[in-house]
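The structure appears right after this line, and notes come after that.
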Amino acid sequence: MNRLSEFMLPPAKSTLAAETDALFHFINVTSIILLAGITFAIVYFSWKYRRRSEDDVTPVITHNNKLEITWSVIPLILVMIVFGWGFTGYLNLTTAPDDSYEIRVVGKSWLWEFHYETGHVSVNELHVPVNRPVKLIMSSDDVLHSFYIPDFRVKMDVLPNRYTSVWFEAIETGESIIYCAEYCGNAHSNMLATTYVHSVEDFETWLETAGSADDDMDPVELGEQLVTRNACDTCHSTDGTRLQGPSFQGLWGSEREMQDGEIVTVDENYVRESILEPNARITAGFDPVMPSYSGTLSDRQIDAIIEYLKTLQ
Ligand SMILES: [Cu+2]
């Protein structure tokens, strides 16, 4: 079974994975056996009961109780096994152990935000300890997303105005990719994040020090890092290329036309407003798809981004 898993499935890196894979193989193997059996029967019967002469008459058979019960009861049993097995798996996935470490997850078009107990927020990077259950409490800021870590066999829809939750316990340190598994617009396929599974000590250190290096960093350098760390660069280039949003190159100090015809000069206030309330004024020629970073970025971080934008002439 392990060899089969390695061949067909992503590496199994959570405590839930083995059970999910066993069910997957059960469904797969039964389906293959049934497919082979049915194909064989069709071919065999078409040959056995082929028309042999001009006056061969098709016999009239209305029903056969034994046969009909057999082909109803066997699939019923198989389906009930899959149902029971799948349902327990689903309950397992949704009922986190009491001692779980909790992390808030926010899905936004098109990034994942992770809020930790210390108040630290990371974008597109989920940091977790190994061998400890982690419970994710998730919601969306806009449309439906779906949080999916194939290595952990964990997938759960993320909805606006409602919390959903999922948990997992990673069994080895390393990195695993996170996808959005619900089509959510243009850059859906860029809605990627990485899970970093640390040893317990490394995780504690990470929690304590996350973001603290920022304090001594030069604002421009920090701004540049924040643009990548917060996935601004999914939608904004720095070389003039038009992505989902306008390029940052030459943006600072320029005059921009809004959808309603208003002309705005890009200054501190406009950039700040664009980051915290992106839908207050929409730039002409673009869709209102930028997520709000209110609650994600601190004043100091916004200032750093402003300093960085100033350098992109
Ligand atoms: Cu999405």
For this session: Quick one, can you get me the convex hull of the C-alpha atoms of segment 213-311 expressed as volume per residue in Å³?
Result: 89
Exercise. Taking the inverse of the average 1/r across all pairs of different Cα atoms in the chain, what Kirkwood radius in Å do you get?
Worked result: 23.6
For this session: Provide Val105, Val29 in ascending order of the number of other Cβ atoms located within 10 Å of each residue's Cβ, fewest first.
Result: Val29, Val105
For this session: Report the net charge of residues surrounding Ile137, where surrounding means a beta-carbon distance below 9 angstrom and charges are Lys +1, Arg +1, Asp -1, Glu -1.
Result: +1
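Counting other C-beta atoms within 10 Å, and keeping those with at most 13, which DSSP coil GluC sites (Glu not before Pro) do you find in segment 1-95? Walk me through the intermediate numbers first.
Values: sites: Glu6, Glu19, Glu54, Glu68; in loops: Glu54.
Here the sparse-neighbourhood loop sites are Glu54.
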Exercise. Segment 238-273: which trypsin sites (Lys or Arg not before Pro) are DSSP loop and have at most 14 other beta-carbon atoms within 10 angstrom?
Worked result: Arg242
Exercise. Helix 17-48 sits at what angle to the longest principal axis of the chain, using alpha carbons and giving 0 to 90 degrees rounded to 10?
Worked result: 40
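Roughly how compact is segment 107-254, stated as its Cα Rg over 2.2 N^0.38 Å to two decimals?
Values: Rg = 16.5 Å, N = 148, 2.2 N^0.38 = 14.7 Å.
Against the empirical 2.2 N^0.38 Å value, I get 1.12 for segment 107-254.
Sorting Ile137, Ile33 on the 10 Å Cβ count, fewest up front, what's the list? It would help to have the intermediate numbers written out before the result.
Values: Ile137 16, Ile33 10.
In order of increasing Cβ crowding within 10 Å: Ile33, Ile137.
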Exercise. Distance from the Cα centre of segment 215-278 to that of segment 47-76, in angstrom?
Worked result: 72
For this session: Express the relative contact order of the chain as a whole percentage, based on alpha carbon pairs under 8 Å and six or more residues apart in sequence.
Result: 15
Exercise. How do Ser139, Ser14, Ser72, Ser298 rank when sorted from fewest to most other Cβ atoms within 10 Å of their own Cβ?
Worked result: Ser72, Ser298, Ser139, Ser14
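Read-outs throughout are calculated quantities, based only on the coordinates presented, and are distinct from any laboratory measurement. Model, not experiment: these values are computed from the prediction. When we count neighbours, we look across all protein chains shown, and the Cβ atoms used for this are built from the backbone with ideal geometry, even at glycine.
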